[in-house]
Amino acid sequence: MKRLFFALALCAASGACMAGGDMRFYEARSDKIRFTGRAAENGDGSLSFDWSGCHFTFRFDGSRCAMRAADTGRNYYNVFVDGRLYGKATVEGASSCVPLAEGLAPHTVTVQKRTEAEQGRTTLYGIEADGALLDLPPAPSRLIEFIGDSHTCGYGTEGKTASEPFTPETENCDLAWGCIVARCFDADYVLTAHSGQGIVRNWADEKETSDLTMRQRILRTFDMTDSPRWDFRGYKPDIVVIKLGTNDCSTGITPSEAAFGKAFRELYGALREHYGSVPILYVIPDGAEAFYPYMQSVMAGLEDGDLHCVMHFTGITNQDGDLGAGYHPNHRGHRKFAAAVIPYISTIMGWEMPMEVIQ
């Protein structure tokens, strides 16, 4: 399986950004840093990216580390140390030092973009640490790509009530169903997701077929711009899981079978062109029940044994304790979403289904 690795040399820091002790600087493309997701290389050795869930991992033998990064807006990041949540970091504005962790012995650190592309594009220049970066631990042997909307982005997952308005601070993709599913299978993940998007139609569009949906966005390096196009050489997933349809069927409009069939075949064709025969699982969400018979017709026409479809039936979550900000699922609701999909992935892939509690 291919992974998105960037190899570069160790560089001397032009100035440490954490006080006390000698800090060493490692460029973003160092072979001691593993980046997972979609990104563009810049001429100065930095990486730029905007998709939700992009993450990078490194291991070092010091006690303190930071990242040097810039952002066109403001984005929030989860910081994990040895797989456990350590804290949250914020990146905004011009290049600056963003402390990640301190008081450590040798540890593995993972930094995950928890907010989606509408909040801005991050440029990672590199990592500063008061020790040497060590060889990376082995990459997970499995990779799942999730194509989705606000549910996959983790919109509002940390909200306390359904009625509170969405803010970027409450968006956390790590608590959403895709990352939960990946954890269950000890898999790495790529989230190709954007709030309000569908396959045929976006949220509240007056037209039956929107001009720009996820079927076009999957071709992009950056979610928010059409150029440059993604070359699909950075990674190859073991399975692609699609969960779209809530926005397609929003505000009283349900696309026709013909419109759905045309749009889904376009998305499917792009995945087959670039990924070959990897399994594809389409999860039809609650509220898009009309797409189930549509999909059965599409599948019959394609005769593809690696194309699968399941439904999230009405009632899988409640309207009280399962909702976070903006009437979107919270972590509890997303755990239920994940639990409903995990057995299908287990069967499709032949991966043992974990028996432990889904987190």
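The values are calculated or read from the model by the stated rules, or taken from the named source; none is laboratory data. Fair warning: this is a prediction, and the values are worked out from it, not measured in the lab. Methodologically, a virtual Cβ is constructed for each residue, glycine included, from the backbone with ideal geometry; neighbour enumeration extends over all protein chains shown. These accessible areas exclude ligands, DNA and RNA; they are computed on the full protein's heavy atoms, side chains included. Shrake-Rupley method; radii C 1.70, N 1.55, O 1.52, S 1.80 Å.
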Using unit Cβ charges (K, R positive; D, E negative) and no other charged atoms, how large, in debye to the nearest 20, is the dipole of the chain about its Cα centre? 460
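Accessible area per residue for the chain in Å², computed with a 1.4 Å probe and the full protein assembly in place, what is it?
With all protein chains present, the chain gives 40 Å² per residue.
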Which of (1) 1.35; (2) 1.10; (3) 0.97 is the computed Rg/Rh (Cα atoms, Kirkwood Rh) for the structure on display? (3)
What residue among 78, 202, 42 shows peak mean-square fluctuation when the chain is described by a Gaussian network model with Cα springs under 10 Å? 42
By how many nm would the segment from residue 320 to residue 88 grow when fully extended, if each residue of separation counts as 0.36 nm and the alpha-carbon distance is taken off? 80.8 nm
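Expressed as a whole percentage, what fraction of the accessible surface of the chain belongs to carbon and sulfur atoms when a 1.4 Å probe is rolled over the protein heavy atoms?
Working: 7160 of 14180 Å².
Whole-percent figure for carbon plus sulfur exposure: 51.
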For residue 309, enumerate residues with amide H under 5 Å from its amide H, sequence gap 5+ or separate chain, H modeled in the peptide plane. 282
Which of the three applies to the range 69-150, rounded, prolate or oblate, going by the alpha-carbon gyration tensor with a ≥ b ≥ c and a/c under 1.5 meaning rounded? oblate
Counting only residues 5 or more apart in sequence or on a different chain, those whose built amide H sits under 5 Å from that of residue 193 are 52, 148
For residue 136 and residue 161, compute 0.36 nm times the residue count separating them, minus their Cα-Cα distance, and round to one decimal in nm. 5.0 nm
Residue-wise HN-Hα coupling along the range 311-327, computed from phi with Karplus coefficients 6.51, -1.76, 1.60 (Hz; x: Gly, Pro): 10, 8, 6, 3, x, 5, 10, 9, 9, 10, x, 9, 10, x, 5, x, 6
Residue 101 long-range amide H proximity, modeled H, under 5 Å: 65
Given the options 164, 303, 102, which has the most mean-square fluctuation in a GNM of the chain, springs set between C-alpha atoms less than 10 angstrom apart? 303
If I ignore ligands, DNA and RNA and count only protein heavy atoms, how much of residue 24 is accessible to a 1.4 Å probe, in Å² to the nearest 10? 120
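Any idea what the dipole of the range 282-359 comes to, in debye rounded to 20, about its Cα centre with Lys/Arg Cβ at +1 and Asp/Glu Cβ at -1? Don't skip to the end; give the middle numbers.
Working: 3 positive and 9 negative charges, 53 e Å.
So the magnitude is around 260 debye.
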Projecting each Cα onto the charge dipole of the chain (Lys/Arg +1, Asp/Glu -1 at the beta carbon, about the Cα centre), which of 343, 214, 167 comes out farthest on the positive side? 343
Output wanted: per-residue J couplings in Hz (rounded whole) for the range 31-45, from phi through Karplus 6.51 cos²θ - 1.76 cosθ + 1.60, θ = phi - 60°, x for Gly and Pro. 6, 9, 10, 9, 9, 10, x, 9, 8, 10, 7, 10, x, 9, x
If I build a Gaussian network model for the chain, linking alpha-carbon pairs within less than 10 angstrom, which residue out of 177, 51, 230 has the largest mean-square fluctuation? 230
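Could you list, in their original order, any pairs among 88/243; 207/236; 243/336 whose Cα atoms are separated by more than 25 Å? Walk me through the intermediate numbers first.
Details: 88/243 27 Å; 207/236 34 Å; 243/336 14 Å.
In this structure, 88/243; 207/236 lie more than 25 Å apart at Cα.
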So if I take the centroid of the Cα atoms in the range 88-140 and the same for the range 238-256, what is the distance between those two points in Å? 34
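Assign one of three labels to the range 259-359, namely rounded, prolate or oblate, based on the Cα gyration tensor with a ≥ b ≥ c the square roots of its eigenvalues; rounded applies when a/c is under 1.5, prolate when it is not and a/b is larger than b/c, and oblate otherwise. Display every interim value, and only then the final one.
Details: a/c = 2.31, a/b = 1.45, b/c = 1.60.
Oblate.
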Value at 222 nm in deg cm²/dmol, rounded to 500, when DSSP H runs of n ≥ 4 in the chain each add -39,500 (n - 2.57): -5500 deg cm²/dmol
Roughly speaking, what is the centre-to-centre gap between the range 312-330 and the range 184-232 when only Cα atoms are used, to the nearest Å? 23
Taking only the alpha carbons of the range 245-316, the radius of gyration and the largest Cα-Cα distance, Dmax, both in angstrom, are 12.4, 36
Tabulate in residue order the Karplus-calculated ³J(HN,Hα) for the range 250-258, using 6.51 cos²θ - 1.76 cosθ + 1.60 with θ = phi - 60°, rounded to whole Hz; enter x for Gly and Pro. 7, 6, x, 10, 10, x, 6, 4, 5
